[in-house]
Amino acid sequence: MAEALTRRFFLTGIETICSIGIHDFEKAAPQRVLIDIEVMLDPDMEPAVDTINDALNYDEIRQTIVDISQSRHFDLQETLARAVFNAVRSMRTVVGLRVRTSKPDVYKDVNEAAYQLSDLA
């Protein structure tokens, strides 16, 4: 028996400079945050023609992420990830989502401090 068709879209390593963190040194200056997103799209809404009019525009997803991340100070990655999650999850044709945020520069001896929020199986 064939598996059900799925449609997924990925944007990885979106780099943004934002005000995030609870420590004084984090609040003193914006820092680099990397955001990965996996979007599950409605399989029944696959574009019928080769135009952007029938598709979810990834420019819109990317700009939404940048706008949210730079809109204010976030104490927690959890709060930033939730704001991104809520905005992208409400977009047309989105039926599932995974958002991963990471702060690659917060510790010298750690590659990244990351958080992930998902409603994907």
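Things to note:
- Of the residues making up segment 98-114, one or more are free of Cβ contacts under 8 Å to residues at least 24 places away in the same chain and of a type in the set (K, R).
- Qualifying positions in segment 83-121 - part of a helix (DSSP H, G or I) and hydrophobic (A, V, I, L, M, F, W, C): A83, V84, F85, A87, V88
- Test: residue in segment 74-82 that is under 24 Å from H23 (Cβ atoms), in contact with a helix residue (DSSP H, G or I) (Cβ under 9 Å, 6 or more places away or on another chain) and of a type in the set (G, A, S): no
- Pick from segment 10-31, criterion surrounded by fewer than 16 Cβ atoms within 10 Å (Cβ to Cβ), closer than 23 Å to E60 by Cβ and not polar (S, T, N, Q), ranking: nearest to the chain's Cα centre (by Cα): L11
- Listed by first and then second residue, the pairs with beta-carbon distance under 6 Å, at least 6 apart or on different chains, first residue in segment 1-23 and within 22 Å of L76 (Cβ to Cβ), second among the polar types (S, T, N, Q) and modelled with pLDDT of 95 or more, are T16/S69; C18/S69; C18/Q70.
- Residues of segment 90-121 classified as surrounded by fewer than 16 Cβ atoms within 10 Å (Cβ to Cβ) and within 16 Å of V39 (Cβ to Cβ), total: 8
- Condition check for Q70: surrounded by fewer than 16 Cβ atoms within 10 Å (Cβ to Cβ) and of a type outside the set (A, V, I, L, M): yes
- Number of positions in segment 35-90 that are under 13 Å from the mean Cα position of the chain (by Cα) and among the aliphatic types (A, V, I, L, M): 14
- Residues in segment 30-82 that are part of a helix (DSSP H, G or I), touching a strand residue (DSSP E or B) at 6+ places or on another chain (Cβ under 8 Å) and either closer than 18 Å to G13 by Cβ or aliphatic (A, V, I, L, M) (or both): Y58, I61, R62, I65, V66, S69, Q77, L80, A81.
The values are calculated or read from the model by the stated rules, or taken from the named source; none is laboratory data. From a predicted model like this one, the values you see are computed outputs, not experimental measurements. Note that each Cβ is placed from the backbone with ideal geometry, even for glycine, and that neighbours are counted across all protein chains shown.
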